[in-house]
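Q: Right, I'll just put the structure down here and ask away after.
The values are calculated or read from the model by the stated rules, or taken from the named source; none is laboratory data. All values reported here derive from a predicted model rather than from experimental measurement. Quick reminder, even Gly has a Cβ in these numbers, built from the backbone with ideal geometry, and neighbours come from all protein chains shown. Each accessible area value is taken on the protein alone, full model and side chains, heavy atoms only, with ligands, DNA and RNA left out. Shrake-Rupley method; radii C 1.70, N 1.55, O 1.52, S 1.80 Å.
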Amino acid sequence: MNRNDGIRDDRALRGRDRPTVGNGPDAARRVRFSGGNDFQAALQRRVDEFLGHTGIRTRDCPQMYVKTGVILLSFAVLYALLVFVASAWYTALPLAVMLGLVTAEIGFNIMHDGGHGAYSARPWINRLMVMSLDMIGASSYLWRWKHGIFHHTYPNVTGQDPDIELGVLGRLAPQQPRRMHHRWQQWYIWPLYGVLGLKWHAFDDFHDVLIGHIAGRRFPRPRGRDLAVFVGGKILFFGLVFGLPLLLHPLWVVAVLYGVWVFVLGMALSVVFQLAHCVEEAEFPLPNAETLRLERPWAVHQVETAVDFLRTSRVACWLLGGLNFQIEHHLFPRICHVHYPALAKLVEDTSREFGVRYHVHRSIWAALASHFRWLRAMGAPA
Ligand SMILES: [Zn+2]
């Protein structure tokens, strides 16, 4: 097994990459985990044995390269049909919906594996793959901080994990303030998920780079190559979405189809994330206010703050880029997602043996219902 397959990507926590606590006097201090690492060591040993026994290649998997080709080709064909061929609303609308779904596929599969270094052993291939996120409208540099470092280090920890922050729009964790309108959030939040994609394109990246914070967490502004990718990505994205189409179609047509595309994209990305972390069975721990220590060891925290869903569906695993195996993904972010189904039983058995809560939703409906109930509970009057 390659040492980079280790269940903790400590390289992300060194030097300037180290997450700190806000901007106040505690800014140089880090939230830490507690307890022994017996569970983590047992998991590591068993996965090492499994990979050694089966000879599985953890990155540069042929099926991943084929999958990338299929998704990018689908994206190019749908984009070309929408921009150059479709001339009636009844062809353009379904094409925009399908393009939204295929764009989500780029996010779930190509950029996500690339961003975690799980795509290839060659860093330049991972960098190339994660840049597909810039092409679809969000900065891969900011994603690395927001998702790769802040979310993956402290999932479901209020104040540390930007992925559970919806601001005043929704309350996803018990430690967040409750507002009157949250009592209806289990109903109104669904269409809002679709609008989050638009917010990401039009506001979030520019705002975060200008102020140097992501949801209250400091990060270094992009410089050099990172800045070039940020600016180049925005030019490419706005050129693809507005520049080229506006040469051929009226503004209102481009605006409506962009709206449909980004709504489908935002909905798909948000719902898949929420089903993996914001459900009744997931934990939302807080560090001790004095010591800044979380109660549980790192690996236990990762298992108990995520929930797998729809594990037996090969179609779901292919489409969702292994994000329905969120527990395995958090433990092994540097192993290509095509291997998560093979690791899941081993992780589940080891979790049960060590008394670590491991939860799976067998169907998509069970996962959706659990997210609905969690939203209802978080929005209910105290
Ligand atoms: Zn991830």
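Q: Starting from the Cα of VAL85, step 7 Å along the direction of its Cβ; do the same at ARG178; then give the gap between the two resulting points in nm.
A: Simple spin-label model gives 5.3 nm for this pair.
Q: Moving to a separate point now. Given H placed 1.01 Å from N in the peptide plane, which residues other than close sequence neighbours of ARG296 have an amide H under 5 Å from its amide H?
A: The list, which skips near neighbours in sequence, is SER34.
Q: If you don't mind, there's one more thing I want to ask. Given charges of +1 on the Cβ of Lys and Arg and -1 on the Cβ of Asp and Glu, with all other atoms neutral, how large is the dipole of the chain about its Cα centre, in debye to the nearest 20?
A: Here the chain has a charge dipole of around 520 debye.
Q: Based on the mean of other Cβ atoms within 10 Å per residue, sort peptides 244-252, 40-48 so the most packed one is first.
A: Details: 244-252: 12.7, 40-48: 17.2.
Ranking the peptides 244-252, 40-48 by packing returns 40-48, 244-252.
Q: Among 75-88, 315-328, how do they line up by average Cβ neighbours within 10 Å per residue, starting with the highest?
A: 315-328, 75-88
Q: Continuing with this model, one more query. Provide the per-residue ³J(HN,Hα) series for the range 110-118, in order, calculated from phi with Karplus coefficients 6.51, -1.76, 1.60 and θ = phi - 60°, each as a whole number of Hz, with x at glycine and proline positions.
A: So the J values, rounded to whole Hz, are 6, 6, 5, 5, x, x, 8, x, 9.
Q: Which of the aspartates and glutamates could a cross-linker span from LYS146 if the Cα-Cα distance has to be under 14 Å and same-chain partners fewer than 8 positions apart are dropped?
A: Cross-link targets: ASP17, ASP161, ASP163, GLU165, ASP204, ASP205, ASP208.
Q: Applying the Karplus parametrisation 6.51 cos²θ - 1.76 cosθ + 1.60 with θ = phi - 60° to the phi angles of the range 272-286, what ³J(HN,Hα) value in whole Hz is obtained for each residue in order, glycine and proline being reported as x?
A: 4, 5, 4, 5, 8, 10, 9, 9, 4, 7, 8, 8, 10, x, 10
Q: With only alpha-carbon pairs counted, each pair once and no self-pairs, how large is the Kirkwood hydrodynamic radius of the range 243-381 in angstroms? List each step's numbers first, then the result.
A: Numbers: mean 1/r = 0.0583 Å⁻¹.
Result for the range 243-381, one decimal place: 17.2 Å.
Q: Largest first, what is the accessible-area ranking of HIS337, HIS53 with a 1.4 Å probe?
A: On the way: HIS337 0, HIS53 160 Å².
The residues order as HIS53, HIS337, largest area first.
Q: Measure nothing but the geometry: give the 0 to 90° angle between the long axis through the Cα atoms of 364-379 and the longest principal axis through the Cα atoms of the chain, rounded to 10°.
A: 80 degrees
Q: Turning to a different aspect of this structure: Taking every alpha carbon pair in the chain, what does the distance histogram look like in 10 angstrom bins from 0, in percent?
A: 5, 23, 33, 27, 10, 2, 0
Q: Now for a different question. Is the shape of the range 120-270 best called rounded, prolate or oblate, per the rule: a/c under 1.5 gives rounded, else a/b larger than b/c gives prolate, else oblate, with a ≥ b ≥ c the square roots of the Cα gyration tensor eigenvalues?
A: Oblate, since a/c reaches 1.5 and b/c is not below a/b.
Q: Is the range 299-382 best put as rounded, prolate or oblate by its Cα gyration tensor, with a ≥ b ≥ c the root eigenvalues, rounded for a/c under 1.5, and otherwise prolate when a/b is larger than b/c, oblate when not?
A: Oblate.
Q: Continuing with the same structure: Please compute the contact order of the range 3-379 in relative form: average sequence separation of alpha-carbon pairs under 8 Å and at least six residues apart, divided by the residue count, as a percent. Working shown, then result.
A: Details: 531 pairs, mean separation 97.7, N = 377.
RCO, the range 3-379: 26 percent.
Q: Just to confirm the number: angle between the C-alpha axis of helix 89-105 and the first principal axis of the chain, 0 to 90 degrees, nearest 10?
A: 30 degrees
Q: Could you state the accessible area per residue of the chain in Å², with a 1.4 Å probe and every protein chain left in place?
A: Value for the chain: 45 Å² per residue.
Q: Multiplying the sequence separation of LEU198 and VAL66 by 0.36 nm and subtracting their Cα-Cα distance, what value in nm do you get?
A: That works out to 44.5 nm of additional length.
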